[in-house]
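Let me begin by presenting the structure, written as structure tokens, before commenting on it.
The values are calculated or read from the model by the stated rules, or taken from the named source; none is laboratory data. This is a predicted model, so every value here is computed, not measured. When we count neighbours, we look across all protein chains shown, and the Cβ atoms used for this are built from the backbone with ideal geometry, even at glycine.
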Amino acid sequence: MDSEIVEATGKLEIHEFYSFEEQLSYFVNESKTSLIPTIPGARIFLGELGNWLVNYNDELTEDWVSVILPNPSQGMSFPTPFDVLSTILQLQFDSSSLNDQVHNHLLEFGLDESMATRPVVSLSGGELLLLNYAKTKAMLPVVKGLFACSPLRWLNPKRFEMWEHLVSAMHHKNKFIDVSLLLGEPFIDYEYDAAAIFEKKATIPAKKWELVLNDPKVTFQETSFPTYQEESCIEFECSASTMDLMSPSLVIGDNGIGKSVLAKVLSGIITPSEGDAYSVSQNGKGLARVLFQDSIEQLFGKTVDAHSQWVFRFDSWISKKAESIYQSMESAIRNDLHSFHFKGISSLGTADKKSSLLQAKLRLVAERISTSPPLLILDEPGWGLSKIVAQCFMHEACKHAHEHGVAVAIITHQPDWWADISRSIIRLSDLGKGRVGVSQGLMNQ
Amino acid sequence: MTILNVTKIRNPWLRFGVLLGVGAPIFSGWPLTEFVVWMEARTLILYGQMGLFEIDNLEEIVMSVQSISFISAWICYACILYLIILSTAGQKRLLEYLGAAFVLGLITVLSGSVIRTLIPWFAGDRSEVEIVFLLLRIFVVTLAVVPYFFFFVNCFSARGIVERVGRKTGKFWNIGLHIALLLRMFQHTGEVIFSLLDIWKEEHPEMIFPRHRKDWKSRWYSSASIVPWVWSAVLAWITAAVVYTLEPVPIMVDELKRIRHQRRSQ
């Protein structure tokens, strides 16, 4: 295990890792969490699950610890935030005060009461992270400490204080915190001085593209089953219907404002109830392709190579094109990391057995570029990657996308990571009553 | 309509009993089997009175009457189920459940039909008409059972069970937690399917055809490629649904085990 304690203050320990796989391995070993990765494919996953079942021990040998997993949705065992929190809080409070306690915990971490009955699966990445904080706080009296895994700061900067609030509550109760970060991730007072990779590489020429928004409105219908959820809508408003942008573009905005919803509208996954939205670039007008936040699920339970073979089974020409893009990106990243003397290069996976998160992302990106869409949207592309690797990955992704006429939009809460390559910004801001303002700007503004 | 709203029944045991009663034809066949037999008899008597029987096609007529009675009875039963789901869960949920049932039914019937055509051994000594009726029966039953299943598992709260068994001791704890876990796993299947649907739509915008299929145009046997495609798509869906449904199970088990331990120590 190539981990290093980079900071240890009182009961807080920070460990840094070169890759997602190393980080996960440490996290699982230390926290005794039964987390089985799915990237190696269904067969290995089911084998591991079988092992877990065979070796299952009903007795408890370790103290209870709270965990914040790499995928914030995985720690949520129940379908709604209310269920998640009340299951824990019922250990400390009687049922008459449970409602108030749940709402207090939600409010403490910036989540309003209406969120209590929303399905966990409908929450955004940032909202899920805040719910994890609230759950950890609720567990404080019954746990020994917290094992937390990045992305701990998948939040709008104005919400960073939520994590600090949780840390101080843990310290106050004398609980330990063990944080696993990926190299280069910021953490409270600690900022890793990562090399500015982009400065060392050739600049990517900007590419023009247009975002056309004819006041698209997305309506989420009222549901009464299994829990009540009132009708809500997101109406994207823009001063001009066409925005002239330069790729790579950053998409920024508060947690839960609708960045991922906009990506789904542009890619045709969600059809707006009113208006329409699309992108136009060198490749013409059409639906965008997306790399989701939780990109592992996009492998559809297959291995990295098996997914690629399955997708291109009936198109040998485009299969070769995607393979060549993949090989070009992977070798460029390996060369870059080698030239930067990056110690964790071996942890990026081997060429014959592709099972690392980076390889999965590269495969999915290569497949999307090869289809020549007008726009490629990458939702939090840095997830699970150390800063250096993430920057190399994005540099190659943008370079290859531009070469194939594809514009790139990056949804992010860490704009500083991509500041050197991005050429324009799309800002989403809350205008109230479900209206979301979409405005553009240049990086230097 | 409110009278059919199952969630209005506060007592979960009573609700469980009512839902079991509503699902009795699925679990035991009663009283649908009796109804089908009665309908068959009435129809055959009617046929006899009208003088429509001929010795040559007697077997075929009996089989058709049996199948039509079965299908009609299940359609009526499905409508009752839909009415209950509609009044409890609303139109949106009913349509979602129906959508899932329709796709599953269609895949089952189409793959069954293709397999029976390609490998006649599967069809046995059944005639073509018999096979058509058999597939129709499967389709109608799927349209009734799948929405009922989704509705059933969502009528109960896993949290509620954990909370209730928390007040009990001994073996009730274990049984209760196992039920809660099983229920939550089935509920999670529904959540997984809807999130996989987004991924599928991004990958294959036409939903029923693959995004990349240029080879289909260049080869003379291209139209036959739909069969391996459908088969691989079905397998992919099953694999993905199984993997992502089971993925959080160890963590859920761990959490429930911890809660049980905490309860015991209090």
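What to note about this one:
- The residues of the range A:227-249 that are assigned to a loop (DSSP other than H, G, I, E, B) and away from chain B (no Cβ under 14 Å), listed by number, are A:238, A:239, A:240, A:241, A:248.
- Positions within the range A:311-365 being surrounded by 19 or more Cβ atoms within 10 Å (Cβ to Cβ), outside any helix (DSSP H, G or I) and among the aromatic types (Phe, Trp, Tyr), in sequence order: A:312, A:314, A:342
- Each residue in the range A:52-68 was checked for being of a type in the set (Val, Ile, Thr) and crowded, with 17+ Cβ neighbours inside 10 Å, and 3 of them qualify.
- Residue match in the range B:221-231 (condition: polar (S, T, N, Q) and within 17 Å of residue B:101 (Cα to Cα)): no
- Identity of the residue in the range A:186-226, assigned to a loop (DSSP other than H, G, I, E, B) and at pLDDT 85 or above, that ends up farthest from the other protein chains (Cβ to nearest Cβ): A:205
- Qualifying positions in the range B:140-163 - touching a Ser or Thr at 6+ places or on another chain (Cβ under 7 Å) and either of a type in the set (Lys, Arg) or in contact (Cβ under 8 Å) with a residue 60 or more places away in the chain (or both): B:155, B:159, B:162
- Hits in the range B:167-191 (condition: assigned to a helix (DSSP H, G or I) and either basic (Lys, Arg) or within 15 Å of residue B:149 (Cβ to Cβ) (or both)): B:171, B:182, B:183, B:184, B:185, B:186, B:187, B:188, B:189, B:190, B:191
- Annotation for the range B:185-202: at least one member residue is within 7 Å of chain A (Cβ to nearest Cβ), of a type in the set (A, V, I, L, M) and within 24 Å of residue B:96 (Cβ to Cβ).
- Residue pairs meeting the criteria (Cβ under 8 Å; at least 6 apart or on separate chains; first touching a residue at least 40 places away in the same chain (Cβ under 8 Å) and of a type in the set (Asp, Glu), in the range A:55-77; second crowded, with 17+ Cβ neighbours inside 10 Å and in a loop (DSSP other than H, G, I, E, B)): A:63/A:143
- Filtered residue count, the range A:213-236, keeping only those that are more than 24 Å from residue A:267 (Cβ to Cβ), surrounded by fewer than 15 Cβ atoms within 10 Å (Cβ to Cβ) and either hydrophobic (A, V, I, L, M, F, W, C) or under 25 Å from the mean Cα position of the chain (by Cα) (or both): 0
- Residue selected from the range A:301-344 under the condition within 17 Å of residue A:18 (Cβ to Cβ) and among the acidic types (Asp, Glu), by the criterion nearest to the other protein chains (Cβ to nearest Cβ): A:330
- Residue check, residue B:77 part of a helix (DSSP H, G or I), of a type in the set (Phe, Trp, Tyr) and either over 30 Å from residue B:4 (Cα atoms) or away from chain A (no Cβ under 14 Å) (or both): yes
- Residue check, residue B:176 surrounded by 14 or more Cβ atoms within 10 Å (Cβ to Cβ) and more than 26 Å from residue B:103 (Cβ to Cβ): yes
- Residues (under 20 Å from residue A:130 (Cβ atoms) and either at pLDDT below 90 or not assigned by TED's automatic domain parsing to the domain that holds residue A:63 (or both)) located in the range A:173-185: A:185
- Options B:197, B:181; residue that is over 20 Å from residue A:318 (Cβ atoms), out of contact with any Pro (no Cβ under 8 Å at 6 or more places or on another chain) and either without any contact (Cβ under 8 Å) to a residue 40 or more places away in the chain or not hydrophobic (A, V, I, L, M, F, W, C) (or both): B:197
- The set of residues in the range A:54-93 being assigned to a helix (DSSP H, G or I) and more than 9 Å from chain B (Cβ to nearest Cβ) consists of A:54, A:81, A:85, A:89.
- Odd one out for residue B:125, checked against (1) part of a helix (DSSP H, G or I); (2) of a type outside the set (A, V, I, L, M, F, W, C); (3) surrounded by fewer than 18 Cβ atoms within 10 Å (Cβ to Cβ): (1)
- Filtering the range A:132-169 to residues that are closer than 23 Å to residue A:251 by Cα and among the aliphatic types (A, V, I, L, M) leaves A:152, A:155, A:162.
- Test: residue B:206 is on the phi < 0 side of the Ramachandran plot, free of Cβ contacts under 8 Å to residues at least 24 places away in the same chain and within 8 Å of another protein chain (Cβ to nearest Cβ): no
- Helices (runs of 4 or more DSSP H) lying entirely in the range B:203-266 (those with 3 or more residues that are at pLDDT 80 or above and closer than 30 Å to residue A:373 by Cβ): B:226-246
- Set A:144, A:173, A:158: member being in contact with a strand residue (DSSP E or B) (Cβ under 7 Å, 6 or more places away or on another chain) and either surrounded by fewer than 23 Cβ atoms within 10 Å (Cβ to Cβ) or of a type in the set (A, V, I, L, M, F, W, C) (or both): A:144
- Only a single criterion out of (1) within 11 Å of another protein chain (Cβ to nearest Cβ); (2) surrounded by 17 or more Cβ atoms within 10 Å (Cβ to Cβ); (3) closer than 24 Å to residue B:215 by Cβ is not satisfied by residue A:283, namely (1).
- In a residue-by-residue description of the range A:278-293, the property of being in the same structural domain as residue A:424 (by TED's automatic domain parsing), farther than 24 Å from residue A:403 by Cβ and outside any loop (DSSP other than H, G, I, E, B) applies to no position.
- Filter result (more than 17 Å from residue B:203 (Cβ to Cβ), within 9 Å of another protein chain (Cβ to nearest Cβ) and under 19 Å from the mean Cα position of the chain (by Cα)) within the range B:225-250: B:242
- Screening the candidates B:85, B:61 for the property of being of a type outside the set (S, T, N, Q) and within 14 Å of chain A (Cβ to nearest Cβ) yields one hit, B:85.
- Test result for residue A:167, in contact (Cβ under 8 Å) with a residue 24 or more places away in the chain, of a type outside the set (Lys, Arg) and in a strand (DSSP E or B): no
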